[in-house]
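Rule-based calculations on the coordinates, nothing more; no lab input. Just so it is clear, the structure is predicted and the values come from calculations on it, not from any experiment. Positions of Cβ are generated from backbone atoms using ideal geometry, with glycine treated the same way; all protein chains shown enter the neighbour counts.
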């Protein structure tokens, strides 16, 4: 625990005095596949970091982030890397960017109905999005510490407690949400065949592109049913603004929701602690479809 706190405090102290400015160092949301492997802030290529214990953790966290199954196999038994959702190593606009986000924690989370720390958020991602339930990581698990160091490094120069302008911009407006019961997975499947197969394959398991592979969207190698993107509207918001990768932002609100309904109709690994989520009566979101099955 002391080791983790030292890394976090040193990185945040560095953040407070580095002055990153107002412009986000993000890959534009409209960029296509040509920018798929661009990383504006790459600690493995930043000689100014030096070779301190903190620098080594930041670089290790980055490596885990961009190739999770290889760098943290016990925590990612499938084929999902952090960067599969947080594109360009967490540095792409409207693809769940994480630049400047570390300073927002601790933060209240409705799913837990309490305030959680950044390390708890990372643990949750390993447990849910990477399906690392068998490993049961904690805040002091070395891989969690390393990813926390990388995300804190991405927050250098940004105000603590002030949401970056690019955060939470993957939501479809409430007035455009279609009731889950009225979404049609069959229509979503047709749209998926038109818009998504080139990267994710007809079987949803991801196509190899260069030395990378698109994320598996269902089945045993995908995220489990307790992940945030296992919620239909959450996934739809991501699809609406970050996909398809060859023409991001080209889908309509309805199309994104229909595709999400198809994907969330498919089987995936079970998160064993779903009964502990949304403990406040009436707080279960309407799009948490796997919680209602």
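What is the angle, in °, between the Cα long axis of helix 232-242 and the longest principal axis of the Cα atoms in the chain? Nearest 10 is fine, range 0 to 90. Computed tilt is about 70 degrees.
Could you work out [θ]222 nm for the chain from helices alone, using -39500 (n - 2.57) per DSSP H run of at least four and dividing by all its residues? Round to the nearest 500 deg cm²/dmol. One gets -10000 deg cm²/dmol as the mean residue ellipticity at 222 nm. Simple spin-label estimate for residue 211 and residue 194 gives 3.7 nm between the two label positions (7 Å along the Cα-to-Cβ direction from each Cα). For the chain, the average shadow cast by the Cα convex hull is 14.6 nm², which is a quarter of the hull's surface. Set the Cα radius of gyration of the range 116-156 against 2.2 N^0.38 Å, with N its number of residues, and you get 1.10.
Computed on the chain, with alpha-carbon pairs under 8 angstrom and 6+ residues apart, the relative contact order is 22 percent.
Label-to-label distance, residue 70 versus residue 47, with points set 7 angstrom from Cα along the beta-carbon direction: 2.5 nm. With a cut-off of 13 Å on the backbone N, the residues of the range 208-228 near the modelled label site 7 Å out from residue 36 along Cα-Cβ are 208-216. Does the range 139-293 come out rounded, prolate or oblate by the C-alpha gyration tensor, with a ≥ b ≥ c the root eigenvalues, rounded set by a/c under 1.5 and, if not, prolate when a/b is larger than b/c and oblate if not? Here the range 139-293 falls in the rounded category.
For an R0 of 25 angstrom, estimate the FRET efficiency from the Cβ-Cβ distance between residue 274 and residue 175 and round to the nearest 0.05. Display every interim value, and only then the final one.
On the way: r = 29 Å, r/R0 = 1.17.
After rounding, the FRET efficiency stands at 0.30.
Taking every C-alpha pair closer than 8 Å and separated by at least 6 residues, the mean separation divided by the residue count of the range 174-291 gives a relative contact order of 32 percent. The C-alpha atoms of the chain define a longest principal axis, and helix 142-153 lies at about 80 degrees to it.
Packing, as the average of other Cβ atoms within 10 Å across residues, places the peptides 165-175, 283-293, 101-111 in the order 101-111, 283-293, 165-175, highest first. Ranked by the mean number of other Cβ atoms within 10 Å of their residues, highest first, the peptides 261-270, 149-158 fall in the order 149-158, 261-270. If you fit an axis through the alpha-carbon atoms of helix 185-195 and take the longest principal axis of the Cα set of the chain, what angle between them do you get, 0 to 90°, nearest 10? Computed tilt is about 60 degrees.
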